[in-house]
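Shown next, in structure tokens, is the structure this report addresses.
The values are calculated or read from the model by the stated rules, or taken from the named source; none is laboratory data. A quick note: this is a predicted structure, and the numbers were derived from the prediction, not measured. Don't worry about glycine lacking a Cβ; one is built from the backbone with ideal geometry, like all the others, and counts go over all protein chains shown. Each accessible area value is taken on the protein alone, full model and side chains, heavy atoms only, with ligands, DNA and RNA left out. Shrake-Rupley method; radii C 1.70, N 1.55, O 1.52, S 1.80 Å.
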Amino acid sequence: MIAEVYIDIPANPVNKPFDYRIPESLEGVVAPGMRVTVPFGRTRRLGFVTELKEVSTFKKLKAIDSVEDHAPVLTQELIDLGRWLADSILCPTVTAFQAMLPAAMKAEYKKIIKIEQPEQLKIEDADLASFFETTKQPIWSEIVKSHSELLKRINRAIRQGSLSIHQLVRNQATVKKVSVISVCATKEQLRLELAKLDDRAKRQKEALQFFIKQSDLSSFHSPIHALVKDGLSRDAITKLVDKGLLHLDQMEQFRDPYKHPVEQTKPLNLTDEQAKALAPILQSMNENEHRVFLCHGVTGSGKTEIYLQSIQRVLEHKRQAIVLVPEISLTPQMVLRFKGRFGDQVAVMHSGLSRGEKYDEWRKIREEKVQVVVGARSAIFAPFKKLGLIIIDEEHESSYKQEDMPRYHARDVAIHRAEKHHCPVVLGSATPSLESFARARKQVYTLLSLKERVNHRPLPSVHIVDLREEMRQGNHSVFSKELLEKVKDRLQKNEQTVLFLNRRGYSTFVMCRSCGTVVKCPHCDISLTYHRTQHSLRCHYCGYEQNVPATCPTCDSDAMRFFGTGTQKVEAELNRLLPEARVIRMDVDTTRKKGSHEKLLRQFGEEKADILLGTQMIAKGLDFPKVTLVGVLAADSLLHLSDFRASEKTFQLITQVSGRAGRHSLPGEVVIQSYTPDHYAVIDAARHDYESFYREEMTIRHRWGYPPFFYLVLISLTHPDPAKVAVAADRIAAILKNNLSDSTQIYGPVVPSVSKIKDRYRYQCMVKYKREPALVPVLHQILQHFQETGKDSLQVSIDLNPVALM
Ligand SMILES: Nc1ncnc2c1ncn2[C@@H]1O[C@H](COP(=O)(O)OP(=O)(O)OP(=O)(O)O)[C@@H](O)[C@H]1O
Ligand SMILES: [Zn+2]
Ligand SMILES: [Zn+2]
């Protein structure tokens, strides 16, 4: 038999299956979806078996060395998915396969030095020979590091054939095992042994008495460490094992990151709106029909309960469900809602788990020990065999798109998988992406609307504060008078406040602090980006460049400023203005340590603080009854990012943050501080008017030719030599222009705002198109032609439908 194997080298020339002979010893063992070690070139590599066949067109085939898995790690569906993904996002197939598996299963390659001719080595270099006699596993990289003086001699010995270099492939995945003791003797036999032992074997006697006391010996088993904890001697147990009276077994164990018992919750009585939204989802499941639902529900409308009750039906049908949640809202609060309803049937996958924990959660899925997975982006690849439902909460979140290879969007993968499994996908959000809402409008997706909060609780009332006005009145603080008054009021009433400061995007744009003007590109309607090194303003899209104006082009004031307020500064100011307030600050600095994110949120939930001050990580998923005030310190910070999605992101963020207020019995209030209070993204968010925002934004996208009306492709090049990357960028732009149709537009090449990363210079080209059949073949050709391997070479990456254009 012959196996087709994708080699674990993510490079274009290797991006095809290679044929390998299955040796007799592995006949019937090797199966598609397994990982194998194979000789490749002069090394050994890990590979994925995708197909078995009888004949090969090649005459001389190398044989597979060994099998890494006892069962396939990729199902047939995932193998097909990997091929599809590789084609549609232009990545090597093996990269797609790897993305589907937990990191612990990535192969680790180690080079070791092997002695081929010990006698010859002794003659040629006796010192070296005795060195290797004392070194058990001479690992190449370690020898290079600590015995560099030997390198020359080792190299000579390799040339002469007495030494050689071997590549070891190591599977990093480890299964945690526990030693379990059972009894293989009768009580009678144990008593006999007890009588035989002399008095010095006191500990063995104790152990025997312990087992004799057990009511049912044949079904007894216990981890050895539990017995030791109960006072038995490990030594004595081992002796009894040796005598054949006890039996020792290694049992696999799952590491459990959520050990605490969870209180079971029951399905809630649905509101009318919830029931109306749930019905078509259930119907689609009953009919085994693939449909995509967009569940557009205002914050606090009870979307999660709809998810829970849909999953319940999935379980009744003996099928399985995937729930995707953005990494930052995958808080214990969120996890508990699923564990509380479905208990041990839920696996959780997120970046906070250790490698081993992630691997075990993955194994629970593969071994069908769980039926539901709640996880971040990569959980979309959960190896369930009978998917019945995929839910993507906060579907508008840009983190569902992976920013590096493979650049997949979890939403696209979800829809593709659900099609194969004939099951529905539910996309949920209070602020759907324009793409998804447009599809729902065109009835590609089915729209489910929840317009009210649960139990008719009102949405919070929102006040917009004009920061320019505050400035004019001489208030230079980050807090407007109104916001400060309201925070004080909450302090008095013993209620809580959430203050939100978006730091991302600061100081990349220049704004006039007296009139709010931001300098834009005359050709693209995009804010210009400040380049520190040249002290100039540039357009990301078309390359337009100008100097930073000394005075504001609109009002002539000299208050043109870069933005630089951070959470720390705000915290200091809070301490000065309200010394009695207890503040919890949450940002990248205070949440770096594992578990600190949860800890801070728990403290806030336990009302150990009055104010929660944070960045985007507090915008989502929080549900605290005492929060009655939310303040957005500067709503514009995202608005002027040089990104056509800037307004959309601003609208989403303001809506999400506002949604944290007044979710329970106490009514909520929101203060939005802004330098551009009449921007539609700010006004519509304040009015909770998604549809109005959608209309205005779509008009603008249409006018300027941005998605969802057009598709974008971003081609990025990097090279250590600025001249080389410039030449390649020009050639690629020329190929695009010559091979794509006239209606497709090609922008660039331009230098992106970050022009150099890790000493590699960057260039970008952008393609904007509506229908372009030649696109994928041309992009393939570009990759084949320009992509080089090796460190100091040209790197080309292609991002279809990029979410960030930085
Ligand atoms: N049918 C119901 N009856 C009573 N309470 C409910 C019902 N459905 C949901 N709730 C409660 O209402 C609150 C808000 O629900 P949930 O968090 O699911 O809203 P959401 O739509 O997901 O909001 P967000 O988009 O802001 O995260 C929760 O505390 C939830 O327990
Ligand atoms: Zn101005
Ligand atoms: Zn421009």
(request) Considering only protein heavy atoms, with the full assembly of protein chains and a 1.4 angstrom probe, order TRP84, TRP362 by accessible area, largest first. (result) TRP84, TRP362
(request) Give the accessible surface of the chain per residue, rounded to a whole number of Å², with probe radius 1.4 Å and ligands, DNA and RNA excluded. (result) 46
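Report, in listed order, any pair from LYS451/LYS593; LYS16/LYS110; LYS111/LYS358; LYS401/LYS756 with a Cα-Cα distance greater than 32 Å. If you can, show how the numbers build up before the last one.
Numbers: LYS451/LYS593 39 Å; LYS16/LYS110 24 Å; LYS111/LYS358 27 Å; LYS401/LYS756 23 Å.
Over 32 Å apart, Cα to Cα: LYS451/LYS593.
Grab the beta carbon distance between HIS247 and THR186, set R0 = 22 Å, and tell me the FRET efficiency rounded to 0.05. Don't skip to the answer; put the middle values down first.
On the way: r = 13 Å, r/R0 = 0.61.
The computed FRET efficiency comes out at 0.95.
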(message) Rg/Rh for the stretch 176-253 to two decimals, with Rh computed the Kirkwood way over all alpha-carbon pairs.
(response) 0.95
(message) In Å and on Cα atoms, what radius of gyration and Dmax does the stretch 2-101 show?
(response) 12.7, 38
(message) Multiplying the sequence separation of MET471 and ARG159 by 0.36 nm and subtracting their Cα-Cα distance, what value in nm do you get?
(response) 104.7 nm
(request) Report LEU491's accessible area, 1.4 Å probe, all protein chains in place, as a number in Å² to the nearest 10. (result) 40
(request) Run the quick spin-label model on ALA723 and ASP759: label points 7 Å from Cα toward the beta carbon, then report their separation in nm to one decimal. (result) 1.9
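Compare SER354, SER647 by solvent-accessible area with a 1.4 Å probe and give them largest first, with all protein chains kept in place.
The most accessible residue leads, giving SER354, SER647.
Of LYS114/LYS152; LYS724/LYS770; LYS486/LYS599, which pairs sit farther than 23 Å apart, going by alpha carbon to alpha carbon? Numbers along the way, then the final one.
Working: LYS114/LYS152 16 Å; LYS724/LYS770 31 Å; LYS486/LYS599 27 Å.
Violating the 23 Å Cα-Cα cut-off are LYS724/LYS770; LYS486/LYS599.
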(request) Considering only lysines 8 or more places apart in sequence, or on different chains, count the pairs in the stretch 176-253 whose C-alpha atoms sit under 14 Å apart. (result) 8
(request) Whenever you get a sec, compute what percent of the accessible area on the chain sits on carbon and sulfur atoms (1.4 Å probe). (result) 50
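Which FRET efficiency, nearest 0.05, do ASN547 and ARG441 yield, Cβ-Cβ r, R0 41 Å? Working shown, then result.
On the way: r = 43 Å, r/R0 = 1.05.
For R0 = 41 Å, the calculated efficiency reads 0.45.
Evaluate E = 1/(1 + (r/R0)^6) for THR554 and SER692, where r is the Cβ-Cβ distance and R0 equals 30 Å; express this FRET efficiency to the nearest 0.05.
Working: r = 26 Å, r/R0 = 0.88.
Computed FRET efficiency for THR554 and SER692 comes out at 0.70.
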(message) With 11 Å as the cut-off, how large is the P(r) tail for the stretch 451-495, expressed as percent of Cα-Cα pairs?
(response) 74
(message) Solvent-accessible area of LYS16, probe 1.4 Å, all protein chains present, reported in Å² to the nearest ten, please.
(response) 100
(message) How much length would be gained if the chain were fully extended between SER88 and LYS53, taking 0.36 nm per residue of separation minus their Cα-Cα distance, in nm to one decimal?
(response) 10.0 nm
(request) From largest accessible area down, sort CYS539, CYS555; use a 1.4 Å probe on the protein chains. (result) CYS555, CYS539
(request) Would you mind putting 65-73, 669-677 in packing order, based on average other-beta-carbon counts within 10 Å, highest first? (result) 669-677, 65-73
(message) With θ taken as phi - 60° and the coefficients 6.51, -1.76 and 1.60, list the Karplus ³J(HN,Hα) couplings across the stretch 457-469 in order, rounded to whole Hz; mark glycine and proline as x.
(response) 5, x, 5, x, 7, 10, 10, 9, 10, 8, 5, 5, 5
(message) I need two numbers for the chain: Rg to one decimal and Dmax as a whole number, Cα atoms only, in Å.
(response) 31.4, 104
(request) Sticking to Cα atoms, compute the Rg of the stretch 109-171 to one decimal and its Dmax as the biggest Cα-Cα distance, whole number, in Å. (result) 11.2, 37
